[in-house]
Each structure stands twice: as C-alpha cells, then as structure tokens.
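Just below is one structure, and these are the notes that go with it.
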Amino acid sequence: MKYISGIIAILLLSVFAACEDETKSCDQTLISDLGMNFKKDTLQGFLVKDTIWPKVTLFALGKDSIVRNVPRSSVFMSLDPLADSSRFYLKLDSTMVPDTLTFRYKRKQNFVSPGCGFATFFTLDTVITTYNTIDSLHINNREVNSTNDTHISLFFIY
C-alpha cells in the first residue's frame with residue numbers, strides 16, 4: 001500500500017507537468033509590411049540618390065490613409081492578407097499628379113509559435129503602376145515577411 005500511494009503521487013505530478021501551458025506570450029512580430037523607398041534619377045541613370053518628398057500621401061484604395069502630407073523618403077504598408085492583390089494611391093507632393101500602385105502576390109501562412117499563432121507572408125508577383133509621376137520601379141526583394149526590408153524602389157526624374 002505504501003508503494004501504491006507513491007506511484008499515484010508520481011503519476012499525478014507527471015500529469016500536471018504534461019499539462020503545462022505552452023501558449024506563452026508572443027514576443028515576435030507578426031506584421032509583414034511592404035517597404036518602398038523613393039529615388040531621384042538626375043543624370044539618366046548615372047546619378048541616383050535617395051530623395052525626400054515634402055508632402056507624401058499614401059492610402060489603400062477604399063481604406064484609411066497610411067500617410068497624409070508628411071515628408072518621407074520611404075513608406076511601409078500592409079498588404080491585404082485576405083486577397084491576392086492590394087491597390088494604393090500615392091501622391092508625392094500637393095502639386096503632383098497622383099499614381100496608383102497595384103501589387104499582386106501569393107499569400108502563405110507561416111506558423112510562428114503556439115503563443116503567436118500564424119503570420120501571413122507574401123511573395124510579390126507583379127507590380128502595376130500608373131506613370132504620372134513615377135518614372136520606373138525596381139523590385140528589390142519579392143519576399144515580404146516580418147523583416148523591415150525595402151522591397152520596392154520607385155524612381156522619379158525631376
């Protein structure tokens with residue numbers, strides 16, 4: 001009898017240890033923002049410099065603004081995790097004609113941890129833009145994950 005109570009105590013301890021909470025708090029970022037910087041082409045490709053535009057306005061079409069009339073050399077925006085494309089309105093200065101950018105991408109759910117759950121990562125497929133103010137663009141990194149990379153460079157001639 002003495003051994004049976006000891007065995008039961010060991011079994012109860014192992015059951016409680018096995019039921020330890022593994023969903024600890026999340027200490028990782030789950031945000032996958034697309035980074036875009038602005039470059040000015042002054043000598044037909046021979047001298048390209050980062051530039052700050054004085055009154056950048058950016059918003060997702062049909063949604064709230066991300067940036068409104070602030071000086072910026074780059075912007076970060078969230079892609080729609082429920083769709084395969086996102087459209088944005090970009091105006092660099094109050095006197096400039098705005099451009100529309102359309103990003104087409106593939107979505108992938110990535111398991112981070114039990115506490116964090118899943119994060120949506122994106123792979124850029126195509127970027128379509130109007131060329132009112134934008135001269136050209138370059139995709140620097142197609143993988144949009146939880147890093148703060150510059151994925152797109154927009155070039156302007158002014």
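Quick check on Ser25: is it part of a strand (DSSP E or B), of a type in the set (Gly, Ala, Ser) and modelled with pLDDT of 65 or more? No; evaluated as a whole, the condition is false for this residue. Please verify whether Phe38 is assigned to a strand (DSSP E or B), at pLDDT 80 or above, crowded, with 18+ Cβ neighbours inside 10 Å and aromatic (Phe, Trp, Tyr), treating the condition exactly as stated. Here the answer is yes, as Phe38 does meet what is asked. The residue of segment 74-112 that is nearest to Ile31 (Cα to Cα), among those that are more than 17 Å from the chain's Cα centre (by Cα) and polar (S, T, N, Q), is Thr100. For Leu154, the criteria (1) closer than 15 Å to Trp53 by Cβ; (2) in contact (Cβ under 8 Å) with a residue 60 or more places away in the chain; (3) in a loop (DSSP other than H, G, I, E, B) hold in every case but one, which is (3).
Residue check: is Asp93 free of Cβ contacts under 8 Å to residues at least 24 places away in the same chain and of a type in the set (Asp, Glu)?
Working: free of Cβ contacts under 8 Å to residues at least 24 places away in the same chain: no; of a type in the set (Asp, Glu): yes.
Against the criterion (free of Cβ contacts under 8 Å to residues at least 24 places away in the same chain and of a type in the set (Asp, Glu)), Asp93 does not qualify.
For Cys19, indicate whether it is surrounded by fewer than 10 Cβ atoms within 10 Å (Cβ to Cβ) and either over 28 Å from Thr126 (Cα atoms) or at pLDDT 65 or above (or both).
Numbers: surrounded by fewer than 10 Cβ atoms within 10 Å (Cβ to Cβ): yes; either over 28 Å from Thr126 (Cα atoms) or at pLDDT 65 or above (or both): yes.
The answer is yes for Cys19.
Restricting segment 117-149 to residues that are surrounded by 14 or more Cβ atoms within 10 Å (Cβ to Cβ) and β-branched (Val, Ile, Thr) leaves a set whose member that is farthest from Lys106 (Cα to Cα) is Thr133.
Scanning segment 41-77 for residues that are at pLDDT below 90 and of a type in the set (Ser, Thr, Tyr) returns Thr42, Thr51, Ser65.
Do the conditions hold for Tyr105, that is, is it under 13 Å from Leu34 (Cα atoms) and at pLDDT 90 or above? When the stated conditions are applied, Tyr105 passes them.
The values are calculated or read from the model by the stated rules, or taken from the named source; none is laboratory data. Only a predicted model underlies this, so the values are computations on that prediction, with no experimental measurement involved. Every residue, glycine as well, gets a Cβ built from its backbone with ideal geometry; the counts of neighbours run over all protein chains shown.
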